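A.B. asks: Before I ask anything, let me first share the structure, which is written out below as structure tokens.
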Amino acid sequence: MNLFLQFKNNSYATAYSHDLKLQLKRRTAMISLIIVVFIIANGISLGLNPALGPTRSKILICFRLGVCILTFGGLYLLKRNVSKCKKHIGKINIILDVLTAMSPFVVYPLAGNYALDRFSNLGMFIYSWSTAVCTFAMAFTFGNWWMKAVVSIAQYIYFFIFLFQQESYCIPIFIFGIEAIILYLALTYLQEKYDRINFLEKQTIYDNYEAIKKIVDDISQGIMIVDQSNEVIYANRIVYTLLNQDQQQSVSLSTLFSQVNVKSISPQIPIDILQTERVLSTRECENVICTLPNLSYLILCRMLRIL
């Protein structure tokens with residue numbers, strides 16, 4: 001993984017984005033929730049105070065709502081046709097991210113949702129804090145993590161243009177703004193980085209599991225891993241062969257012990273799952289059951305004899 005959090009292994013990059021349908025479903029659900037909350041909140045606010053904002057503010061509200069609906073439509077269509085658009089999914093995601101970013105982008109002082117100049121200092125502070133929270137919430141809907149950085153930088157550049165033109169004490173505000181954006185970008189980067197590191201660790205464990213599974217499947221002995229509730233977690237290929245079952249079917253201990261003669265069992269497991277009438281003393285069948293500490297039973301079935 002390089003500085004830009006790109007995987008060096010293409011297979012890992014593919015695996016990291018394999019749940020594309022789930023991501024689209026998640027983003028669609030988020031945007032739909034945003035639309036519902038946006039309509040209810042602004043409907044109540046404008047209904048109670050119809051003269052609070054000028055016409056351009058109402059146009060801005062309609063524009064934000066239209067962008068959200070357009071984004072929702074794009075995500076819905078993409079989810080329905082994800083297999084056809086898979087080659088262009090990267091570009092489509094960027095377009096949808098740009099549309100998503102347009103909705104929370106604040107264009108004050110050129111325009112605002114309401115007549116902000118009518119608010120008191122406390123009202124303006126609370127409104128600004130709420131706007132920041134909404135903007136942060138919208139960041140969860142981006143398909144590309146780096147879009148969070150692009151949008152936040154663009155928003156701060158826009159603010160700073162007017163800051164130096166209109167504000168007398170611009171330096172403290174400028175420094176605090178730089179502090180905020182550095183923290184936001186750094187924490188966003190670190191979160192994405194460690195999410196990917198966590199993915200790589202899980203992928204390594206999965207690769208090791210697949211390698212061990214392949215080795216165990218090629219062993220001529222029947223191997224089963226059983227949890228403390230006597231539920232089969234894993235059975236290798238030879239177990240299914242000896243029981244004449246397809247690997248898609250589930251295997252149980254009762255099925256196993258109903259078809260084999262058991263020479264010995266160690267340690268003892270509940271007798272109700274042993275549906276065999278006797279324990280043999282011959283060497284024709286040899287079964288060894290061992291306990292994995294605090295985990296499960298490991299069953300090694302040698303020379304199984306089907307009754």
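The values are calculated or read from the model by the stated rules, or taken from the named source; none is laboratory data. Note that this is a predicted model, so its numbers are computed, not measured. Methodologically, a virtual Cβ is constructed for each residue, glycine included, from the backbone with ideal geometry; neighbour enumeration extends over all protein chains shown. Note: areas computed on protein heavy atoms with side chains; ligands, DNA, RNA excluded. Shrake-Rupley method; radii C 1.70, N 1.55, O 1.52, S 1.80 Å.
A.B. asks: Within segment 49-65, identify whether any single residue is open to solvent by 30 Å² or more (accessible area, probe 1.4 Å) and under 19 Å from residue 140 (Cα atoms), and answer yes or no.
C.D. replies: Yes, segment 49-65 contains at least one residue that is open to solvent by 30 Å² or more (accessible area, probe 1.4 Å) and under 19 Å from residue 140 (Cα atoms).
A.B. asks: Let me ask another. Which one of the conditions (1) modelled with pLDDT under 70; (2) within 41 Å of the chain's Cα centre (by Cα) does residue 274 fail to meet, given that it meets all the rest?
C.D. replies: All conditions pass for residue 274, except number (2).
A.B. asks: Okay, moving on. Name every residue in segment 159-177 that is in a helix (DSSP H, G or I), open to solvent by 60 Å² or more (accessible area, probe 1.4 Å) and either among the β-branched types (Val, Ile, Thr) or touching a helix residue (DSSP H, G or I) at 6+ places or on another chain (Cβ under 8 Å) (or both), in order of residue number.
C.D. replies: Selection gives 159, 161, 164, 171, 173, 174, 175.
A.B. asks: State whether one or more residues within segment 71-80 are open to solvent by 80 Å² or more (accessible area, probe 1.4 Å), assigned to a helix (DSSP H, G or I), touching a residue at least 40 places away in the same chain (Cβ under 8 Å) and in contact with a Ser or Thr (Cβ under 7 Å, 6 or more places away or on another chain).
C.D. replies: yes
A.B. asks: Taking segment 82-114 as the region of interest, how many residues are under 23 Å from the mean Cα position of the chain (by Cα), at pLDDT below 80 and either open to solvent by less than 70 Å² (accessible area, probe 1.4 Å) or among the hydroxyl-bearing types (Ser, Thr, Tyr) (or both)?
C.D. replies: 5
A.B. asks: Which residue pairs have Cβ atoms closer than 6 Å, lie 6 or more positions apart in sequence or on different chains, and pair a first residue in segment 205-220 that is part of a helix (DSSP H, G or I) with a second residue that is surrounded by 11 or more Cβ atoms within 10 Å (Cβ to Cβ)?
C.D. replies: Close Cβ pairs satisfying both conditions: 216/223; 216/236; 217/236; 217/237.
A.B. asks: Continuing with this model, one more query. So residue 67 clears everything in (1) part of a helix (DSSP H, G or I); (2) modelled with pLDDT under 85; (3) among the β-branched types (Val, Ile, Thr) except one condition, right? Which one?
C.D. replies: (2)
A.B. asks: Further, regarding this structure: Every residue in segment 176-194 that is touching a Phe, Trp or Tyr at 6+ places or on another chain (Cβ under 7 Å) and without any contact (Cβ under 8 Å) to a residue 40 or more places away in the chain, please.
C.D. replies: Of everything in segment 176-194, those that are touching a Phe, Trp or Tyr at 6+ places or on another chain (Cβ under 7 Å) and without any contact (Cβ under 8 Å) to a residue 40 or more places away in the chain turn out to be 177, 181.
A.B. asks: From the residues in segment 183-237 that are closer than 29 Å to residue 136 by Cα and β-branched (Val, Ile, Thr), which one is surrounded by the fewest Cβ atoms within 10 Å (Cβ to Cβ)?
C.D. replies: By that ranking, first place goes to 197.
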